[in-house]
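The values are calculated or read from the model by the stated rules, or taken from the named source; none is laboratory data. Just so it is clear, the structure is predicted and the values come from calculations on it, not from any experiment. As a convention, Cβ positions derive from the backbone with ideal geometry for all residues, glycine included, and neighbour counts pool all protein chains shown.
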Amino acid sequence: MIVWKFKGGIHPPTKKLAKDSKIEKMESSKRFYLFLAQNAGNPPKLIVQAGSEVKTGQRIADADGFVSVPLHSPVTGKVVEIKKEKHPVTGRPADMVVIEKTKADEWIKLDPVKPYTDYTPDEIKKRVVEAGIVGLGGATFPTHVKLAPSKKVDTVILNGAECEPYLTIDHRMMVEYADEICKGGVAIAKAIGATKIFAGIEENKPDAIEAMKKAGDPMGIEIVVLPTKYPQGSEKHLIYAITKKEVPSGGLPMDVGVVVDNVSTARAIYRALEYGEPLIERGLTITGEGVKASKNVFARIGTPLSDLVNYASPTEDTQRVILGGPMTGVAVESLDIGISKGTSGITVLPEMIVKKAAETNCIRCYRCVDACPTNLEPYLLYKQFKKKMFNEMKETHLMDCIECGSCAYVCPANIDHVKAFKTAKLVVRTLGRR
């Protein structure tokens, strides 16, 4: 089919160091660190306390409202502590549950368990909530909310673009678990009454394209091969590339009749339906020049970052550990926290790569304008930010920024636009609530 190219974007080195590494299942850690805030929207409400004995898959926090999901224990053990810890994404103190593994898995699975094809649309939606499933591409938006659109949706897009440098977990998922991903896609379509299912995959993943085509063709899923260009995996750009429909400013995919789910999310839905598995484990990539062996792994939610980095054998000059990839990820100050549902990768980099040149004055070269995939003027937004003109930033479409980092990547003045825009968004949202 024809693929419609979007304006802007960049071509950073892909650095897919682990693309040929099969997914390994990590041995369970001894302690797990679970932030309650693991989903967009409201964090769930804790229903256990220090000293509570828990089993694998047991619900330890209930959803708090519609845009929220429950949280489940990743192991059989004991809640040893509930404390406040600095959240790596928000930078603010947040509730954390510490669970110590005491014995082998004693499962509490979701009930009933039956073939995924036997669930009704309402049963699929209910199971997705019960399983605590969120967008596993990194956004962590509660998936059941997408399955209850307020407008008619006729198209499902499975996002296998994985355009972020270094990260390869979705690539390997498609190679190794294409059948489960496609079955999850069919379940998503059934839940919302969609009649068309596409899977978008960048052309630099030929083995994933082949595997998904083999699995998807019998199920009526059309594989769309996309140009390798960052940020091709952004929801709005993926929708445009496949359907030529443009999501309006401030709008949602459902406004153009589309729902987009990450391929790993689709697999998690299938596993919840077919096997009754709540989301206690996810695949992620451990990679970068700061480790000796880049890997793709399955790890339980809450696994300490220190265990994951050590599993890939860090180099002596490791300087920075990033949750996610280098374009959109967040650098962490401590490895004594656990991975969350949204941790698609851990990028470990040495000093020679992360050392950043000093910021200088904007020279009005407009490279940021050319690179911006959402037609913004980053140089102008940054100028407004420096003057604390937050209302003006909102009028200049600050909230349409997808924080992809393309502007900062091409900037000869080494300006960190994204950091500024994230701060400005927090201010705008705070002002809007007053």
Failed condition for Ile82, given (1) touching a Leu at 6+ places or on another chain (Cβ under 9 Å); (2) within 18 Å of Glu277 (Cα to Cα), with all others met? (2)
Return yes or no: is Ile280 of a type in the set (Val, Ile, Thr), touching a residue at least 40 places away in the same chain (Cβ under 8 Å), surrounded by fewer than 24 Cβ atoms within 10 Å (Cβ to Cβ) and out of contact with any Asp or Glu (no Cβ under 6 Å at 6 or more places or on another chain)? yes
Determine, yes or no, whether Thr374 is under 24 Å from the mean Cα position of the chain (by Cα) and under 29 Å from Tyr33 (Cα atoms). no
List every residue pair whose Cβ atoms sit under 6 Å apart, with the two residues 6 or more apart in sequence or on different chains, where the first one lies in segment 81-110 and is closer than 24 Å to Leu323 by Cα and in contact (Cβ under 8 Å) with a residue 12 or more places away in the chain and the second, anywhere, is acidic (Asp, Glu) and part of a strand (DSSP E or B). Met96/Glu85; Val98/Glu81
In segment 392-407, which residues are assigned to a helix (DSSP H, G or I) and touching a residue at least 12 places away in the same chain (Cβ under 8 Å)? Met393, Lys394, Leu398, Met399, Asp400, Ser406, Cys407
Residue check, Pro13 part of a loop (DSSP other than H, G, I, E, B), under 23 Å from the mean Cα position of the chain (by Cα) and closer than 24 Å to Glu106 by Cβ: no
Residues that are under 22 Å from Cys163 (Cα atoms), under 28 Å from the mean Cα position of the chain (by Cα) and without any contact (Cβ under 8 Å) to a residue 24 or more places away in the chain: does segment 419-434 have at least one? yes
Can you name the condition, by its number, that Leu110 falls short on among (1) in the same structural domain as Ala194 (by TED's automatic domain parsing); (2) in contact with a helix residue (DSSP H, G or I) (Cβ under 7 Å, 6 or more places away or on another chain); (3) buried (at least 16 other Cβ atoms within 10 Å of the Cβ)? (1)
Segment 383-425 - residue that is closer than 14 Å to Pro231 by Cβ and among the acidic types (Asp, Glu) and, of those, surrounded by the fewest Cβ atoms within 10 Å (Cβ to Cβ): Asp400
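Give me a count of the residues in segment 1-49 that are among the charged types (D, E, K, R) and at positive phi.
Counting residues in segment 1-49 that are among the charged types (D, E, K, R) and at positive phi gives 1.
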If only one of Glu281, Glu274 is over 20 Å from the mean Cα position of the chain (by Cα) and either not aliphatic (A, V, I, L, M) or not assigned by TED's automatic domain parsing to the domain that holds His237 (or both), which one is it? Glu274
Go through (1) more than 20 Å from Leu17 (Cα to Cα); (2) crowded, with 19+ Cβ neighbours inside 10 Å; (3) aliphatic (A, V, I, L, M) one by one and return the number of the condition Val332 breaks. (2)
In the set Lys151, Lys244, Lys229, Lys196, which member is in contact (Cβ under 8 Å) with a residue 24 or more places away in the chain and in contact with a helix residue (DSSP H, G or I) (Cβ under 7 Å, 6 or more places away or on another chain)? Lys151
Restricting to segment 59-88, what's the tally of residues that are closer than 20 Å to Arg300 by Cβ, among the hydrophobic types (A, V, I, L, M, F, W, C) and in a loop (DSSP other than H, G, I, E, B)? 2
Here are the criteria: (1) hydrophobic (A, V, I, L, M, F, W, C); (2) within 30 Å of Arg172 (Cβ to Cβ); (3) free of Cβ contacts under 8 Å to residues at least 12 places away in the same chain. Tell me which single one Val369 does not satisfy. (2)
